[in-house]
Amino acid sequence: MRRAVAWGAVCCASLAAMLCSTAAVAQSANAALVLDRGWQFRETPAAGETSDGGWLPATVPGDVHLDLLANKRIPDPFFRDNEAKLQWIDEASWEYQLNFDVPAALLGRANVDLVFDGLDAAAEVYVNDAKVLDADNMFRVWRVPAKDHVHAGKNVLRVVFPSPIKAAEKVAATDPWQPKTKTAAKTYIRKAAYEYGWDWGPTFVTSGIWRPVRIEAWDKVRISDFAIRQRDVSKEVAHLDAEVEVEAAGAGPANVSVTFNDAGKPVALSTKASLHAGRNVIDVPVEIRQPKLWFPAGYGDQALYEFTATVNPGSAKADERKTKAGLRSIVLDRHPDKWGRSFQLVVNGIPVFAKGADVIPFDSFPNRVTTADYRRILESARDANMNMIRHWGGGYYETDEFYSICDELGIMVWQDFMFGNDWQPGTYAFKLNIEAEAEDQVRRLRNHPSIVVWSGNNETEVALNWGERGKLPLETKWQMWQDYLTEFSGILSRVVARLDAETPYWPSSPSADYEETSEHYQTGDQHIWDVWHGRVPFATYETHHARFVTEYGFQSFPEMRTIEAFTEPEDRKNIFTPVMLAHQKNNEGNSIIHDYLLKDYPEPKDFPSFLYVSQVLQAEGIKIGAEHFRRSMPETMGSIFWQLNDCWPVASWSSIDYYGRWKALQYYARRFYAPILVSPHVEEGSVKVYVVSDKTETEKATLRLRLMDFEGKVLLEEKQDVSVAPLTSKVYVDWPFLKLTQAGATDTSKVFVVAELMAGGPPASRNLTYLAPLKEVHLKPATLNVETTGANGKIGIRVTSPVLARSVYVSFGNLDVKVSDNYFDVLPGESVEVTAETKASLDEVKAQLRVMSLTDAFAVNPQGATIGAAQ
């Protein structure tokens, strides 16, 4: 079973000799006893039962579903329709228990705290049968003074998780407004919304100790937080405050020091402080001249500084904390302009067009996610020329490791607070709870340079008038709106302003920050869902003139190898079998894919072909939107499509499936998110050729245009040298249709235009466009010639075709192979070479290698001629 990655750094002293089987981490004179071994769990006995039996081994951090699976008490939750058979789990109560030893020396410390980094979610905690905590928020850190409850030698820690469904209903029943507002009971305890199911994910409402738990012991002081506050940063100088938060047991003097390396030279700064009992905040000013700045991918390096803080109330170091920070300035620029009000991120003075995708949880069970999983998905984003992900608000705040990888790769993070779609309660207790949550998470994450926006929620603002909520009495809706403003433009914005003022806060996604918008005045970010939910054509994307797009998308099926992982052969007869529908969580989703497909293509000839065409359909559709948004720069300054990843094997909007396999969309994204994009576009009776550049300097290049028929005859060709302006979108060539007709393009269904931008080597960007609507285009059947060479893990594959071959797909059966490109076009008489990396031999690759193009997905028509588009 996969184990979780580290949640965060723990500062503690070496007690290894005293801690038996429990681990200790040595960093300072303070100490920690990590409680991650020897746990047991069981279903809580019903009232009146006294049974001590039924205990099974448990993994902590973890959850009850994974523990049941590990003990073979439930089948694989993702296989076939097993999800429906496991819904009893969230109706039951569960308890976890640990017998652990506490060394006498640990109790000699002045303070002994029990710390849970995460309890999912409603929980009662007992130490030696004394109740010490009632928890109701999986996103908070729970610290409990425990010295009076533990003793030297054997101790028992027990955590009881009532049914999350019943626990939430119990809290909701105490809110007198709930019957009026109809706020969902599940929202009254703070829990990842996706656990309750989404239109891409299953319903597994789990419980458990989902983050690390430990006992911390300390005497006079401990460092409770360490932040690098970036007061102002430029390439000339960075003025910082190293903000060290010290919790003191009593009053007294202390020396606080901060060390780091600047240009390879150690720097040590210190200050003397007079502490009082409780929380103390000590600022140590830091100035770095000619700092190495952190930039998003494609704009510069991702320099990181490591800082160490120590506190010393006497002659010896009492506590130490380390953190990394990337120095950068972030501005959310919203100045008035001719389109309304801008919405662009300016990083280190550079207006950055945000290119990326939305990220959902990596698994329905977070503790299965590994470092390798994070790296595979985030490096895939980087490799597809993405510079931003939006971390969606219906899941959970990710591990420090997730954000550290984003820091390293230069992937900016739009970070939602974890409120997804549902209307939220307005009770005073709830408001205090989410304020504490926000403080915990902002403190934990604020040093990560990758986080460039804090956003209050996902779609809660626009949800006020959704469904039956829109019919509520005005006085009820007025109260709901007041609570909303208090929470998302009051509490959360104040927390960010106080703890991370350098990073912009945005109240919701989507939002215009409460401004009125119109056809002539656009501001804020938008979610565009008329394509898919409204079933309008993909071309409708081009009617939208949003300032920043944080959601738009279309579904596809994963590849056959992924489908085989959760199905039996009888489940794969078509996309409407019960199991295939069980792995489609959007209402009518499979029908929507099918209906869109038939607008442009014939019926695929078999099940595998349908999977393939669905991916091409998705990729071509999102390409229309992405290229439109990039061509619209600077009116539009962000293209974040829904979604990058999956939490289980499913038909969904993802560009990478649950197993990390790239769909066609991810390969397309690498092309439409290229640093310099050539984008030929049919508009106003001509083909206008745009070049969009994210480069910060002018680029010299050659632009080559060809008008060709599908068999390779060149009807018109032009080349010109261009100076591609930085950070712009511009039309460089305009070919009127009359000119193309005069060149021989009398039947637009049989020709296409290909544009290539070259800068001293292979094309930096190549793109083609039809001149007729897709349903009128008639491709010729493509006979592909494939050559393979190489060995030692690297194999070259060369594909040629005598006619235009669209979306050429190279597959390898059951082999694990990483290819440099896929779903690519092969021009008539030309070739495309890709590199395959694999542990398999050349002979094994040859045996399973299959290559197909779009026309191969459909049955040959009676005339044996044109195939691949609607006839």
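Summary of computed values
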{"item": "Residue 373 accessible area, assembled protein chains, probe 1.4 Å, Å²", "result": "10"}
{"item": "Ranked packing of 92-102, 334-344, most packed first, by mean Cβ within 10 Å", "result": "92-102, 334-344"}
{"item": "Segments 319-326, 610-617, 708-715 sorted - mean Cβ within 10 Å per residue, highest first", "result": "610-617, 319-326, 708-715"}
{"item": "Pair residue 816, residue 166: separation of 7 Å Cα→Cβ label points (nm)", "result": "4.3"}
{"item": "Sequence of 561, 214 when ordered by accessible area, the most exposed leading, probe 1.4 angstrom", "result": "561, 214"}
{"item": "Dipole moment magnitude, nearest 20 debye, region 448-553 about Cα centre, only Lys, Arg, Asp, Glu C-beta charged", "result": "180"}
{"item": "Cα long-axis angle, helix 428-445 against the chain (0 to 90 degrees, to the nearest 10)", "result": "70"}
{"item": "Probe 1.4 Å, accessible area per residue of the chain, Å²", "result": "38"}
{"item": "Part-to-part distance (alpha-carbon centres) for region 151-195 and region 43-90, which is given in Å", "result": "19"}
{"item": "Crossing angle, helix 607-631 versus the chain [Cα axis fit, 0-90 degrees, rounded to tens]", "result": "90"}
{"item": "For residue 340, distant residues with modelled amide H under 5 Å away", "result": "522"}
{"item": "Filtered trypsin sites (Lys or Arg not before Pro), region 63-119: DSSP coil and at most 13 other beta carbons within 10 Å", "result": "72, 73"}
{"item": "GluC sites (Glu not before Pro) within region 793-848: DSSP coil, no more than 16 neighbouring Cβ in 10 Å", "result": "830"}
{"item": "Accessible surface of residue 806 - all protein chains present, 1.4 Å probe, nearest 10 Å²", "result": "20"}
{"item": "Rounded percent of accessible protein surface that carbon and sulfur make up, the chain, 1.4 Å probe", "result": "51"}
{"item": "Peptides ranked, highest mean first, by Cβ atoms within 10 Å: ranges 783-795, 180-192, 276-288, 53-65", "result": "180-192, 53-65, 276-288, 783-795"}
{"item": "Restricting region 457-533 to GluC sites (Glu not before Pro) in coil, as DSSP defines it, with at most 10 other Cβ within 10 Å", "result": "516, 519"}
{"item": "Between region 667-699 and region 390-467, the alpha-carbon center distance in angstrom", "result": "33"}
{"item": "Cross-link reach list, aspartates and glutamates versus residue 154, counting only Cα pairs under 12 Å and skipping chain neighbours closer than eight places", "result": "101"}
{"item": "Distant alpha-carbon pairs in region 331-421 (separation over 19 angstrom), percent", "result": "46"}
{"item": "Solvent exposure, largest accessible area first (probe 1.4 Å, DNA, RNA and ligands not counted), of 723, 801, 729", "result": "723, 729, 801"}
{"item": "Inter-label distance for residue 259 and residue 783, nm, one decimal - labels placed 7 Å from Cα along Cα-to-Cβ", "result": "7.3"}
{"item": "Cα centroid of region 543-574 to Cα centroid of region 209-253, whole Å", "result": "44"}
{"item": "Residues of type lysines that residue 180 reaches as a straight line, Cα spacing below 19 Å, ignoring anything fewer than 8 places off in the same chain", "result": "170, 431, 471, 477"}
{"item": "Three-way shape label, region 422-524, alpha-carbon gyration tensor, a/c 1.5", "result": "oblate"}
{"item": "Principal-axis tilt of helix 589-600 within the chain, Cα atoms, nearest 10 degrees", "result": "20"}
{"item": "Net dipole in debye of the chain [+1 Lys, Arg Cβ; -1 Asp, Glu Cβ; about Cα centre; nearest 20]", "result": "1100"}
{"item": "Solvent accessible area, Å² - residue 126, 1.4 Å probe, full protein context", "result": "40"}
{"item": "Listed residue pairs exceeding 30 Å between alpha carbons, taken from 191/839; 292/688; 85/191; 186/220", "result": "191/839; 292/688; 186/220"}
{"item": "Under the Karplus curve 6.51 cos²θ - 1.76 cosθ + 1.60, θ = phi - 60°, whole-Hz ³J(HN,Hα) for region 231-239, x wherever Gly or Pro sits", "result": "5, 7, 9, 9, 5, 7, 7, 10, 9"}
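The values are calculated or read from the model by the stated rules, or taken from the named source; none is laboratory data. Nothing here was measured: the structure is a model prediction, and the numbers come from that model. FYI the Cβ positions are ideal-geometry reconstructions off the backbone, even for glycines, and counts take in every protein chain you see. Ligands, DNA and RNA are stripped out before the accessible areas are found, and what is left, the full protein with its side chains, is counted by its heavy atoms. Shrake-Rupley method; radii C 1.70, N 1.55, O 1.52, S 1.80 Å.
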